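**Student:** If you scroll down you'll find the structure; I have some questions about it.
The values are calculated or read from the model by the stated rules, or taken from the named source; none is laboratory data. All values reported here derive from a predicted model rather than from experimental measurement. Note that each Cβ is placed from the backbone with ideal geometry, even for glycine, and that neighbours are counted across all protein chains shown. For the accessible areas, the whole protein counts, side chains as well, though only heavy atoms, and no ligand, DNA or RNA atoms are used. Shrake-Rupley method; radii C 1.70, N 1.55, O 1.52, S 1.80 Å.
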Amino acid sequence: MITGNFPAEFGGRSSAVVQIQPRSGINSGLFGSFATNRGNFRTSDIAGKFGGSRGEKFGFYLSGAASGSNRFLDPVDERNFNNRGRRLNFNFRGDWQPTETDILIFNFYASGTRFSIPNDFLQEMSGQRQRQELGDDNQSISWERIWSQNLVTNLVVFRRRYQSNLSGSEFDTPLFAAQDRRHTRIGIIGSLTQIFHGHALKYGFEAARITPREFFTFAVTNAKLAEEREVSKAALEFDLADPFVFSDQRTGSYAAVYAQDSFSPVKNLSLSLGLRLDYSSLPRSAKQFSPRLGATYFVARTKTAFRASFNRLYQPPQIENLLLANSAQARAPSPFAETGNAGGAVICPERVSAYEIGVAQTFFNRARLDIAYWRRNFRNFGDPNTFFNTTVVFPNSVARGFARGLDVRIDVPEIRGFSGFLSYTNARIVQFGPINGGLFLTEEFLEIGDGTRFIPDHDQRNTGAFGVIYNHRRSGFWASIGGRHESGVPLEVEAERLAALQSMPGADLVNFERRRVRPWTIFDFAVGADLFRKEKISLKLRFEAQNFTNRRFAYNFGSPFEGTHFGQPRLLSGGVRLEFR
């Protein structure tokens, strides 16, 4: 995972990049596994994979998984009303090496998810039964050619399709809502990597065509309850006889080119330099040149590495519900329309200036300490809002703001069977209005106008985590224990709303004097055994207890962006895994 010094080849990101190197089936022999797990809340999952090679030219990899739970999402009420879901996915990858210098990779992936939308108490009593279905599939073909030991090219052609359907029900309250949204992204990615006189040069491009299509409707079904929940006067006008209806489709594009270089001008000093140009056309045309600068200096005598980086980042608005979030129809029921305040305008791409300095120190080859201070200054910060209790989100952007923090982590490699880590983060986020885009139907946003300073609901000041693993390699027995602490996010509501929030279920998990969710700490435990490890077929057993102290906690509470979500109680699960090779 990369959180600083982003190479120029990575675009469309503002926080981190995760690199995954999939396993190829070529020259691997046959391998595979089958696993199943069961837990409380009727949680179950089953997964399998199979791969291998046919001669020295072709390898393949197949995998599939299915899962389900009666606690599928983080509920909006601790009693976990109407919270069932199922998920299924399938993946196929084929590697073909027609010559010693060429390799073609074919990939196909498909997944589908069906789940019920969690209810609060009043919705459960009224019989609300909203459902949502998600689906996505993608296909790609990539060609890698090795021209020489110093020159490699890559070319990828891809297609990705996403869809989301929200189905309302007869007794929805205080709003009925339905959605049919989908978009397809078709594109090409290419790169050339060259080693030249100590320089690792890489040049590349990316181009994509995006075709979103959206339909969304809502109607107030209980005007009294909607008014109690501060639905705006303009939104109250849409009832079952005259619902809000939006339908639109567009065609947009995204393109980028970049160049980067990694080299060492003097001993122990490594530099990474890059420049990227991004262009996007949804919801309007915009572009940015993004320099990427990084340096690392290693002190061999003390095994200390110092690093620093500056990155300009560019992230187009998320495509989900982008057409509606930027429409005049979305602004009409917004509280912004009633007051004439700034806000509700078209969302622009997120632009970030990211700074990081850090140091990594190894102690006697027994522990590694990593410390990093980072700051991000942003304009048009993307922060989507959730539509009431659903998982439907509408993109919006906050005009400007900053985030800064200090990350400290200690990693201890395995010593006599024990290994572990300890981490701590102190962070702060401040934003300034107005808020643009989105679909805001409640009055909480009346006070966030042009230049208004506020602390968002993801401002987690202090976060800590630890993990300890014991592995008895001779017997195959292992055990782990871990924990996580979070200091609690702000309520982000006006003073006059505090009384109403204090009467809501779960209010004891909030410190209303500080206007923050109370701090919480949870612990996880797992134990297992790897049997018959030297045989062709091995067996792995596992038992896990998440939040085994059964600590009650809330992730957020009454947020105008996210609503209320409660953390998991004690979750117990056990499973078995068969592997063959």
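**Student:** Tally time: how many residues in region 536-555 are among the hydroxyl-bearing types (Ser, Thr, Tyr) and surrounded by fewer than 17 Cβ atoms within 10 Å (Cβ to Cβ)?
**Tutor:** Adding up the residues that qualify gives 1.
**Student:** To continue, here is another question. Given the options 449, 464, name the one that is outside any strand (DSSP E or B) and under 30 Å from residue 379 (Cα atoms). Can you show your working first?
**Tutor:** On the way: 464 fails: outside any strand (DSSP E or B).
On inspection, the qualifying residue turns out to be 449.
**Student:** Kindly list, by first and then second residue, each pair from a residue in region 412-427 that is hydrophobic (A, V, I, L, M, F, W, C) to a residue that is outside any strand (DSSP E or B), limited to pairs with Cβ atoms under 8 Å and residues at least 6 apart or on different chains.
**Tutor:** As it stands, the answer is 412/366; 415/366; 427/459; 427/460; 427/461, since those pairs meet every condition given.
**Student:** How about region 28-78: which of its residues are in a loop (DSSP other than H, G, I, E, B), open to solvent by 50 Å² or more (accessible area, probe 1.4 Å) and in contact (Cβ under 8 Å) with a residue 60 or more places away in the chain?
**Tutor:** Answer for region 28-78, where residues must be in a loop (DSSP other than H, G, I, E, B), open to solvent by 50 Å² or more (accessible area, probe 1.4 Å) and in contact (Cβ under 8 Å) with a residue 60 or more places away in the chain: 30, 40, 41, 74, 78.
**Student:** Residues being among the β-branched types (Val, Ile, Thr) and either assigned to a loop (DSSP other than H, G, I, E, B) or surrounded by fewer than 17 Cβ atoms within 10 Å (Cβ to Cβ) (or both): count how many of those fall in region 94-104. Give the derivation first.
**Tutor:** The initial filter retains those residues of region 94-104 that are among the β-branched types (Val, Ile, Thr), namely 99, 101, 103.
Checking the rest, the ones that are also either assigned to a loop (DSSP other than H, G, I, E, B) or surrounded by fewer than 17 Cβ atoms within 10 Å (Cβ to Cβ) (or both) come to 99, 101.
Selection size over region 94-104: 2.
**Student:** Taking the condition of being surrounded by 16 or more Cβ atoms within 10 Å (Cβ to Cβ), closer than 30 Å to residue 99 by Cβ and of a type in the set (A, V, I, L, M, F, W, C), how many residues in region 156-191 meet it?
**Tutor:** Selection size over region 156-191: 3.
**Student:** Is there a residue being basic (Lys, Arg), touching a Phe, Trp or Tyr at 6+ places or on another chain (Cβ under 8 Å) and open to solvent by 30 Å² or more (accessible area, probe 1.4 Å) anywhere in region 130-140? Walk me through how you get there before you give the answer.
**Tutor:** Taking region 130-140 first, the residues basic (Lys, Arg) are 131.
From what is left, the residues that are touching a Phe, Trp or Tyr at 6+ places or on another chain (Cβ under 8 Å) are 131.
Add one more test, that the residue is open to solvent by 30 Å² or more (accessible area, probe 1.4 Å), and what stays is 131.
There is at least one residue in region 130-140 that is basic (Lys, Arg), touching a Phe, Trp or Tyr at 6+ places or on another chain (Cβ under 8 Å) and open to solvent by 30 Å² or more (accessible area, probe 1.4 Å).
**Student:** Moving on. Hey, residue 351 hits all of (1) under 30 Å from residue 195 (Cα atoms); (2) in contact with a Leu (Cβ under 8 Å, 6 or more places away or on another chain); (3) of a type in the set (Lys, Arg) but one; which does it fall short on?
**Tutor:** (1) is the only condition that residue 351 fails.
**Student:** Additional query: Just the residues that are part of a strand (DSSP E or B), surrounded by fewer than 19 Cβ atoms within 10 Å (Cβ to Cβ) and out of contact with any Ser or Thr (no Cβ under 8 Å at 6 or more places or on another chain), please, taken from region 387-410.
**Tutor:** Across region 387-410, the qualifying residues are 400, 402, 404.
**Student:** Among (1) free of Cβ contacts under 8 Å to residues at least 24 places away in the same chain; (2) open to solvent by 60 Å² or more (accessible area, probe 1.4 Å); (3) not charged (D, E, K, R), there is one condition residue 511 misses while meeting the rest; what is its number?
**Tutor:** (2)
**Student:** Next up: Among the residues of region 459-496 satisfying the criterion of being farther than 30 Å from residue 415 by Cβ and without any contact (Cβ under 8 Å) to a residue 40 or more places away in the chain, which is most open to solvent (accessible area, probe 1.4 Å)? Don't jump to the end; show me each part of the working.
**Tutor:** Let us first name the residues in region 459-496 that are farther than 30 Å from residue 415 by Cβ, namely 459-461, 487-496.
Subsequent filtering for residues that are without any contact (Cβ under 8 Å) to a residue 40 or more places away in the chain retains 459-461, 487-488, 490, 495-496.
Details: 459: 1, 460: 34, 461: 71, 487: 16, 488: 2, 490: 15, 495: 54, 496: 141 Å².
Looking at residues that are farther than 30 Å from residue 415 by Cβ and without any contact (Cβ under 8 Å) to a residue 40 or more places away in the chain, I get 496.
**Student:** Hey, could you check region 82-93 for residues that are crowded, with 19+ Cβ neighbours inside 10 Å and out of contact with any Lys or Arg (no Cβ under 6 Å at 6 or more places or on another chain) and say which is modelled with the lowest pLDDT?
**Tutor:** Within region 82-93, the subset crowded, with 19+ Cβ neighbours inside 10 Å is 82-83, 85, 93.
Applying the additional criterion that residues be out of contact with any Lys or Arg (no Cβ under 6 Å at 6 or more places or on another chain) yields 82, 85, 93.
Values: 82: 95, 85: 97, 93: 92.
Restricting to residues being crowded, with 19+ Cβ neighbours inside 10 Å and out of contact with any Lys or Arg (no Cβ under 6 Å at 6 or more places or on another chain), the top hit is 93.
**Student:** With the requirement that a residue be more than 27 Å from the chain's Cα centre (by Cα), modelled with pLDDT of 90 or more and of a type in the set (S, T, N, Q), what does region 336-391 give you?
**Tutor:** Correct list: 361, 362.
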